[in-house]
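K.L.:
Have a look at this one before I ask anything.
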Amino acid sequence: MTLSELKQDAEAELLGSFSNNNPHINKVEAMGLRSGAKIVIRKIHGRNIVVQVKDLGVDLVIDKELAGMLEVS
Amino acid sequence: MSRITVGLAGNPNVGKTTILNNIAGKNLKVGNWAGVTVEKAEVEFTYNNYTLHIIDIPGIYNLTATSDAEKAAVQFLVDGEIDVIVSVLDSSNLARNLLLTVELMELEKPTVLALNMADEARSKGLELDLGKLKTILQTDACFTVANSGEGIDELLDKIINCFENSHDPAKLKYSENVESVLTTAAQKSGQPAQSKYDAIRALESSEQEASEAERTLGVGITKAINDERWKLASSIAKSVTASSKVKEKSVSNKLDRVLLHPFMGIAIYIALFYLMFKISFDFSAPYMDWIDGFMNNFLATASSKLLITLGVPDVVTRFVSEAVIGGVGFVLTFVPLVAILYFFITFFEMSGYLPRIVFMMDRFMHRLGLHGNMMTPLLLGFGCNVPAIMATKNMSSKKDKILVTMMIPFMSCPARLVVFAFFAFIFFDNPALVIVSLYGIGVIVALITALLLRKSFLKGKAANFLLELPPYRLPSLKTVSRIVWAHVKRFIYKAGTFIFLVSIVVWVLLNLPPGIKSADESIAARIGKTITPVFEPIGLSDWRATTSLIPGFLAREVVLSSMGIIYKTSTEDSLREKADENLAPLLKEQAVELWESIKSSFVSVASLGFSTFEVETSDEGSEGLRETIQKSFTASSAYSFMILLLIYNSCVATVAIMIREIGRKASFLFLGYSFVAAWLLAFVFYNVSNLLWP
């Protein structure tokens, strides 16, 4: 399943991305959302999802289109 | 004396701008939302017999750019003439920050690490082994706390030391497979790469080599390299972090539960921004009135008296009291309002609240074909349109950039607020509501413009939305005050130079050709009278009002100073009377009024409710322009005039920056559009209001 399918407060582990060499996905990964990261969905607001990367303690906002390219466990 | 060029690089919100601010005492605008450092800020100063040229580079997460600002940052880091790179890291989030450091070190340029926000790391229970970090990366490093200045001198010493020893950072070693692929590719190309970064880029750009690498590694070369970088950054972070018991961001999480709530969050946002304007007006209005009175009642009289006593010709005396004091001095009266508004804007920026607004507004903006990222430059537009348009460099697509650039001029800046406040206080019982309504009209016109553009010239969907929500921070009052002071100085500087020059030109135009008996015969009047028929349908049949619009194209504040000259020139001629005034009682009167203003400002802020917006418009003792304007306009024509000033394109500086960012053709099309839109809106409002309230 993808990150965009997760519900609020759901916890998951990122497995990787479906996209290869997409600069936006590269940036997402550089911001901390990369394979192996443990995440919590803090809030879903319209097309956006607030994801907390637990290991890093950072909150990121990502739109559902990009989130749909990220595979989660 | 050696000159060292230093680039400050790092993720957004790690405190690069604050470090620069602290080093040089240069008060830059700093904030907690992604992409605030869009402009390249730089400073040059002498330190220990070295000339340090420090450049603040826009925040980036990696060296793969997705926006214009990131492209500029990456290009500068890769190709720019930098002697030393300072990699600024957030000490409390080392793993992610080290990822960029690793990429920077692939450039193989002299690098120093600044582990900033060391105090936050300590408070989170993190203990970092600096010595170990230096050993692993074979580069110099130090802890810094930009807000307090801790470690800044040490950082400067390390920069100089790094420069003097040409201390190249360690050549990073990735896994054997990856290194082998890179070496093979370099051998095949026959051209040795200048750095690991160049080797990776060369491999990625060669389709054949990249395919071969993918076969060898089992994954694409970009992914393989990214994984290597992350592994390295994580392992370094783990090995230098003695304690990783990170405290939760409990305060931020609790605040976000309220501030990011779909209804409460937006309600609080609206309430906070309304309160910001309420407090700004209630607190500043008494001081505005006092400065106005001081300028017109005391300073103008004192200068006239002095110059007449010295035997200076009347024309020079009038020049000083009308062009200098009546023009530039008039704009200075609004300094308290500008300062308080900037205080709030800066506070919201630095506290981390503004990225939340971007997030909250994205849902609404997306329905209009926009996205929340556009809110950042749009909000900056309320401060000044020029940096706001420059902040569109952060848009990831050109269409988005043009779109938001064409919305920004409708965001009312303090320069327009100066004019609105002046008219609203004269003509309306509730000036704050009138001003809020004008701000609202500006926003609505901006949104309609965006919708029209999305349906016509700029078809397409909004770009992807990606943003970091930094933790809430209580901004240091010292830093906020320094930033506010910088804005106030810029406002005064603008008033003191640009507006002064425009005032001179206007005054001269009003007093030429030589020998005229009144402004009615001047060149300015001829121009004003010529264009008046265009504005008559919107209630502006007075040539003096239309004449003041001419310099208004140069800068909004100038409308008032020009009116000061135009109206006073044609209605006042009481120099000799002023010269006979006794200054001592006038000065005493000003002192008493100042004390009353101080008391009044605190009383009106302490009282809550809309009634406190109804600031008295009868400024005792203040005469001249306000009274004259009151006779020349009606409430309808005054509002129509304000709509015109609000909607038609901003000052010449905005036009100039717009041309630079989106091109001449688009800018001039926008100029025509904004004038037509302004005229039509003013026409509808003026005629409807006259029908309803004849």
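The values are calculated or read from the model by the stated rules, or taken from the named source; none is laboratory data. Please read these numbers as outputs of a predicted model, since none were measured by experiment. Methodologically, a virtual Cβ is constructed for each residue, glycine included, from the backbone with ideal geometry; neighbour enumeration extends over all protein chains shown. Each accessible area value is taken on the protein alone, full model and side chains, heavy atoms only, with ligands, DNA and RNA left out. Shrake-Rupley method; radii C 1.70, N 1.55, O 1.52, S 1.80 Å.
K.L.:
Where residues in the range B:203-237 are open to solvent by 60 Å² or more (accessible area, probe 1.4 Å) and more than 14 Å from chain A (Cβ to nearest Cβ), which of them is farthest from B:L98 (Cα to Cα)?
P.N.:
Across the range B:203-237, the extreme among qualifying residues is B:Q208.
K.L.:
Given the conditions (1) open to solvent by less than 50 Å² (accessible area, probe 1.4 Å); (2) at pLDDT 80 or above, which single one is not true for B:G496?
P.N.:
Of the numbered conditions (1) open to solvent by less than 50 Å² (accessible area, probe 1.4 Å); (2) at pLDDT 80 or above, the odd one out for B:G496 is (2).
K.L.:
Could you look through the range A:8-20, keep only residues that are of a type outside the set (A, V, I, L, M, F, W, C), at pLDDT 90 or above and within 12 Å of the chain's Cα centre (by Cα), and pick out the one that is most open to solvent (accessible area, probe 1.4 Å)?
P.N.:
A:E11
One line per residue, one yes/no per condition, for (1) in a helix (DSSP H, G or I); (2) within 7 Å of another protein chain (Cβ to nearest Cβ); (3) at negative phi:
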residue	(1), (2), (3)
A:S4	yes, no, yes
A:D9	no, no, no
A:N26	yes, yes, yes
A:G32	no, yes, no
A:D55	no, no, yes
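K.L.:
While we're here: Out of the residues in the range A:57-70 that are farther than 12 Å from A:E29 by Cα and at the interface with another protein chain (Cβ under 7 Å from one of its Cβ atoms), state the one that is farthest from the chain's Cα centre (by Cα).
P.N.:
Result: A:G57.
K.L.:
Next up: Which count do you get for residues in the range A:49-65 that are of a type outside the set (D, E, K, R), modelled with pLDDT under 90 and in contact with a strand residue (DSSP E or B) (Cβ under 7 Å, 6 or more places away or on another chain)?
P.N.:
First, pick out the residues of the range A:49-65 that are of a type outside the set (D, E, K, R): A:49-53, A:56-58, A:60-62.
Filter once more, keeping what is modelled with pLDDT under 90: A:56-58.
So of that shortlist, the ones also in contact with a strand residue (DSSP E or B) (Cβ under 7 Å, 6 or more places away or on another chain) come out as A:58.
Number satisfying all stated conditions: 1.
K.L.:
Quick one: is B:I345 open to solvent by 10 Å² or more (accessible area, probe 1.4 Å), under 28 Å from B:I266 (Cα atoms) and modelled with pLDDT under 85? Lay out the reasoning, then the answer.
P.N.:
On the way: open to solvent by 10 Å² or more (accessible area, probe 1.4 Å): yes; under 28 Å from B:I266 (Cα atoms): yes; modelled with pLDDT under 85: yes.
Here the answer is yes, as B:I345 does meet what is asked.
K.L.:
Further question: Among the residues of the range B:91-121, write down those that are among the aliphatic types (A, V, I, L, M) and either in contact with a Phe, Trp or Tyr (Cβ under 7 Å, 6 or more places away or on another chain) or within 14 Å of chain A (Cβ to nearest Cβ) (or both).
P.N.:
Scanning the range B:91-121 gives B:L94, B:A95, B:L98, B:L99, B:L100, B:V102, B:L104, B:L107, B:L115, B:M117, B:A118, B:A121.
K.L.:
Which of the residues spanning the range B:21-63 are modelled with pLDDT of 80 or more and in contact with an Asp or Glu (Cβ under 8 Å, 6 or more places away or on another chain)?
P.N.:
Correct list: B:N48, B:T51, B:L52, B:H53, B:I54, B:I55, B:D56, B:P58, B:I60, B:N62, B:L63.
K.L.:
So A:K38 fits all but one of (1) more than 9 Å from every other protein chain (Cβ to nearest Cβ); (2) open to solvent by 30 Å² or more (accessible area, probe 1.4 Å); (3) in contact (Cβ under 8 Å) with a residue 40 or more places away in the chain; what number is the exception?
P.N.:
(3)
K.L.:
Out of (1) open to solvent by 40 Å² or more (accessible area, probe 1.4 Å); (2) facing chain B (nearest Cβ under 10 Å), the odd one out for A:G46 is which?
P.N.:
(1)
K.L.:
Name the residue that is nearest to the other protein chains (Cβ to nearest Cβ), counting only residues in the range B:71-90 that are acidic (D, E) and either without any contact (Cβ under 8 Å) to a residue 40 or more places away in the chain or part of a loop (DSSP other than H, G, I, E, B) (or both).
P.N.:
Per the criteria, the residue is B:D79.
K.L.:
Evaluate the range B:199-216: report whether one residue or more is under 44 Å from the mean Cα position of the chain (by Cα), outside the structural domain of B:A95 (by TED's automatic domain parsing) and not in a helix (DSSP H, G or I).
P.N.:
Pass one, the range B:199-216, residues under 44 Å from the mean Cα position of the chain (by Cα): B:199-207, B:210.
With outside the structural domain of B:A95 (by TED's automatic domain parsing) added as a condition, the list becomes B:199-207, B:210.
Okay, now just the ones that are also not in a helix (DSSP H, G or I), so B:206.
Taking every residue of the range B:199-216 in turn, at least one turns out to be under 44 Å from the mean Cα position of the chain (by Cα), outside the structural domain of B:A95 (by TED's automatic domain parsing) and not in a helix (DSSP H, G or I).
K.L.:
Tally the residues that are modelled with pLDDT under 90 and within 14 Å of B:G10 (Cβ to Cβ), restricting the search to the range B:138-152.
P.N.:
Residues in the range B:138-152 being modelled with pLDDT under 90 and within 14 Å of B:G10 (Cβ to Cβ): 1 in total.
K.L.:
Right, here's the next one. Find the residue count for the range B:49-70, including only residues that are within 13 Å of chain A (Cβ to nearest Cβ) and in a loop (DSSP other than H, G, I, E, B).
P.N.:
Total satisfying the criteria: 9.
K.L.:
Suppose we filter B:M374, B:M395, B:M365, B:M390 for residues that are more than 15 Å from B:D68 (Cα to Cα) and open to solvent by less than 30 Å² (accessible area, probe 1.4 Å); which single one remains?
P.N.:
Of B:M374, B:M395, B:M365, B:M390, the one residue that is more than 15 Å from B:D68 (Cα to Cα) and open to solvent by less than 30 Å² (accessible area, probe 1.4 Å) is B:M365.
K.L.:
Determine which member of the set B:L554, B:L549, B:L540 is hydrophobic (A, V, I, L, M, F, W, C), assigned by TED's automatic domain parsing to the domain that holds B:L306 and modelled with pLDDT of 85 or more.
P.N.:
Matching residue, one of B:L554, B:L549, B:L540: B:L540.
K.L.:
Now a separate question. Do the conditions hold for B:L115, that is, is it open to solvent by less than 10 Å² (accessible area, probe 1.4 Å) and closer than 24 Å to B:E468 by Cβ?
P.N.:
Spelling it out, B:L115 is indeed open to solvent by less than 10 Å² (accessible area, probe 1.4 Å) and closer than 24 Å to B:E468 by Cβ.
K.L.:
Of the residues B:S640, B:S611, B:S562, which is at pLDDT below 80, in the same structural domain as B:Y274 (by TED's automatic domain parsing) and under 29 Å from the mean Cα position of the chain (by Cα)?
P.N.:
Values: B:S640 fails: at pLDDT below 80; B:S611 fails: under 29 Å from the mean Cα position of the chain (by Cα).
Within the list B:S640, B:S611, B:S562, the selection yields B:S562.
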